[in-house]
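S.K.: Handing you this structure, nothing more for now.
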Amino acid sequence: MLVGQVCTQLVDDALEVRQFDETRAQDRVDCRKMRKVPKAKPLAEVAQRVDRQRHVVSPGQVQERGRANGALQMQVQLGLRRRPNVLGDDHPDRIGSPMRWHVLFVVLALVTLTGGAALAQSDSATNPSPPGPGPGPGQNCPENEQAVATPGIPPPIPARIEGPAGVVALTFDAGADRGYAEDILDTLAEAGIPATFGMTGNWALANPELVQRMAADGHMVINHTLDHRSFTGISDRLGGLSAEWRQYELVQADEIIAPLIGHTTCPWYRLPYGDGDRRVGSDVVDVGYTQQVGWTIDTLGWRGSPVQSIVARSLRLAAPNAVYVMHVGSQSRDGPALPAIIEGLQAMGYGFATVANLDCD
């Protein structure tokens, strides 16, 4: 029994030794297929090299190396230096040195332009100025363009119609809606009465055919500024306008109106709301506007007065060379009152004229 166990153990041991020897032989075969590894240097030689290279690094040198490595990393990210051991010379993602500098210059140029534009916009917002330059100081009215009416043919309505009691001027401001403008023109055409229309540039832009008809019928058209802003701010409480803005209002309105009537509105203008101060004349004379048109009789139609009140007031205050101010907008009842006003003035012996053809004192 004991002898059998010993034999069995010996056999098992022999098998394990044989398997170990076969494994080692297989390992030797596999290792031959691998790349050759340089022969290891003696330990003494390695230790000697380490001793020669060993040195002490100060904290300052460590920080300096850290900054150098950071700068190198930034250069690699910007493409100013080649990324070592990553992309080869023929790699499509590798940018050559000239191209890298071009990219850097383009980026710097874009940053400069963007910063300059932002700075200019900030300066413009801080110091606002009129959107466009007007004529220079002392410049006269612009030259007249070709007239809308056919040359040589007088307009249907003369600029002055005499009356035994003298003449008056009917003026109409147009700055709100279209209102009674067509009805007013029809009434004037039927009576053969000349009138003067002061209009804003915005109104002319919205109603060009009516502006052309006014000029073609023989009426006088004067400048009522671009958008009816008060020059002083008294009526609209918007703070008033500087000298440059006052000039801009008149020049821009004329650029819209002049092509429609065939000539400039200069030198005739009317102030919005009649708001003026002692500087108005000197402010706008530099752009050629020297004839300010006011009024002596306000029909108060813009207040919504009834037709009967408008007619009665207009006839009661009539006088030679009187200048009436009325409005074409739908809020005013001046349009419906106009036929009775004309009839009443004619019965009183008055004739009619544009403001440019009134009797001078």
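Readers should treat all values here as calculations from the given coordinates under stated rules, not as data from a laboratory. Keep in mind it's a predicted model, so treat the numbers as computed, not measured. Every residue, glycine as well, gets a Cβ built from its backbone with ideal geometry; the counts of neighbours run over all protein chains shown.
S.K.: Determine the gain in length on full extension of the stretch residue 330-residue 178; use 0.36 nm per residue of separation and subtract their C-alpha separation, reporting nm with one decimal.
M.R.: Values: separation 152, 0.36 × 152 = 54.72 nm, distance 0.73 nm.
Gain in length upon complete extension: 54.0 nm.
S.K.: Can you sort 203, 302 from fewest to most other Cβ atoms within 10 Å of each residue's own Cβ? Don't jump to the answer; show the numbers that get you there.
M.R.: Details: 203 29, 302 17.
Fewest to most other Cβ atoms nearby, the residues stand as 302, 203.
S.K.: Whose amide H sits under 5 Å from the amide H of residue 326, counting only residues 5 or more places off or on another chain, with H placed in the peptide plane?
M.R.: It is 171, 172, 173, by chain and number.
S.K.: Also: Quick one: work out Rg over Rh on the C-alpha atoms of segment 261-350, Rh as Kirkwood radius. Display every interim value, and only then the final one.
M.R.: On the way: Rg = 15.6 Å, Rh = 14.9 Å.
Radius of gyration over Kirkwood radius for segment 261-350 works out to 1.05.
S.K.: Next up: If you stretched the chain out fully between residue 243 and residue 296, how much longer would it get, using 0.36 nm times the residue separation minus the C-alpha to C-alpha distance?
M.R.: Gain on stretching residue 243 to residue 296: 16.4 nm.
S.K.: If I model a spin label at residue 278 and residue 236 as a point 7 Å from the Cα along the Cα→Cβ vector, what separation in nanometres do I get?
M.R.: Label at residue 278, label at residue 236, 2.6 nm between them.
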